[in-house]
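Here's the structure, in structure tokens; my notes come after.
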Amino acid sequence: MKVRRIRNGLFVPSSAMGLRDRMPKYYVHSEKKPEVGDVVYGRVVRTGQHSSVENVSGRIHNIYDGTRCFFVFGNRYAPDYFEGLVPESYEKRVDMLARSGVVGKVTAQNPAIKDPTKVEIIGYACDQDGRMANTVKACEDVIDVPKRRGRRARMVLVCGTAMNSGKTMAAAACCWALSSMGHKVNACKVTGTASLKDILRMNDAGADKYSDFTELGLPSTYMLPDDRVKRLFDAMDAKYATRTKYWVVELADGVNQRENRMLWSRLKCRRGFTSWCSVPLMPSGRSGD
């Protein structure tokens, strides 16, 4: 396969956080079956619901028909927007599922929104030797970090009834209240689809260290197997629940969402888990994500 060079100056979408400092400079034409985490070089062919892309610093870039940038294959479940999955075979055109640059094929959508933005795949991103980039595989050594021993932080778990029910507002309020009282607070979002705005808001509210699953190479957690979800939580627990008094954890979407239910038994048995907050559904304007 012939390797071609990608022009300089492309921004890195937040869904590719796992490759932040190692973005490939080449691409290759291939019709291989896409996998979660595969990074592609693509071109916007029709702007729809998403007219912007969030980069790894949280900056929002406007996109237009013809814009070229990196995208990452992933699944998404968002009742206010799309349910989408990684295609089971190669397709030249795919749908943009989230503003973070996650792409796949829409299987269902909220009738109140526009059709998805369409992206044409130019090629799979790769290194000079043709090895294709995948965010999940690049972070395998990170997600398998051994669990640390010693005193654990008290965990404040924030969950809700559905998307846009006020979870991030509640999580940020917890960070603000605890940090204002002089406590050191870390914050994480452990399920959902790549989007920096939630954890950045918690950082603005006083969280010292903050992160989500994209640090571990995952563009989203939807449809992950049970053992992978638990390994994800353990890796974040090991890194962010030490050397701090409180750890604020947000779960995306609702309490009955698949990956959230997988975590319940583990969270309830965790030492230091003393309370949780169930946020009632309330009116909220869509954020454009």
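The values are calculated or read from the model by the stated rules, or taken from the named source; none is laboratory data. None of the values given here were measured: they were computed from a predicted structure. Cβ atoms come from the backbone with ideal geometry, glycine included; neighbour counts cover every protein chain shown.
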* To do: Would you please name the residue that is modelled with the highest pLDDT, looking only at residues in the stretch 127-163 that are in a loop (DSSP other than H, G, I, E, B) and either hydrophobic (A, V, I, L, M, F, W, C) or within 16 Å of the chain's Cα centre (by Cα) (or both)?
  => A133
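Say whether the condition of being in contact with a Gly (Cβ under 8 Å, 6 or more places away or on another chain) and without any contact (Cβ under 8 Å) to a residue 24 or more places away in the chain is met by at least one residue in the stretch 76-83.
Looking only at the stretch 76-83, we keep the residues that are in contact with a Gly (Cβ under 8 Å, 6 or more places away or on another chain), and these are 76.
Going one step further and asking which of them are without any contact (Cβ under 8 Å) to a residue 24 or more places away in the chain, we end up with none.
Checking the stretch 76-83: not a single residue is in contact with a Gly (Cβ under 8 Å, 6 or more places away or on another chain) and without any contact (Cβ under 8 Å) to a residue 24 or more places away in the chain.
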* If the Cβ limit is 6 Å and pairs must be 6+ apart or interchain, which residue in the stretch 89-111 that is over 21 Å from R68 (Cβ atoms) pairs with which residue that is of a type in the set (A, V, I, L, M)? -> T107/L85
* Structure fact -> Condition set polar (S, T, N, Q) and part of a loop (DSSP other than H, G, I, E, B), scope the stretch 51-66, selection nearest to I113 (Cα to Cα): answer is S51
* Among the candidates K268, K230, single out the residue that is more than 27 Å from N110 (Cβ to Cβ), at pLDDT below 85 and either within 19 Å of the chain's Cα centre (by Cα) or loosely packed, with under 14 Cβ neighbours inside 10 Å (or both). => K268
* In the stretch 130-143, the residues that are under 15 Å from I6 (Cα atoms) and in contact (Cβ under 8 Å) with a residue 60 or more places away in the chain -> G130, M132, A133
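Would you point out the residue of the stretch 172-212, among those that are touching a Lys or Arg at 6+ places or on another chain (Cβ under 6 Å) and free of Cβ contacts under 8 Å to residues at least 60 places away in the same chain, that is surrounded by the most Cβ atoms within 10 Å (Cβ to Cβ)? Show your work before the answer.
Step one: list which residues in the stretch 172-212 are touching a Lys or Arg at 6+ places or on another chain (Cβ under 6 Å), which gives 172, 183-184, 186, 193, 198-199, 208, 212.
Going one step further and asking which of them are free of Cβ contacts under 8 Å to residues at least 60 places away in the same chain, we end up with 172, 198-199, 208, 212.
Details: A172: 24, D198: 22, I199: 23, D208: 15, D212: 26.
Among those residues, the one meeting the criterion is D212.
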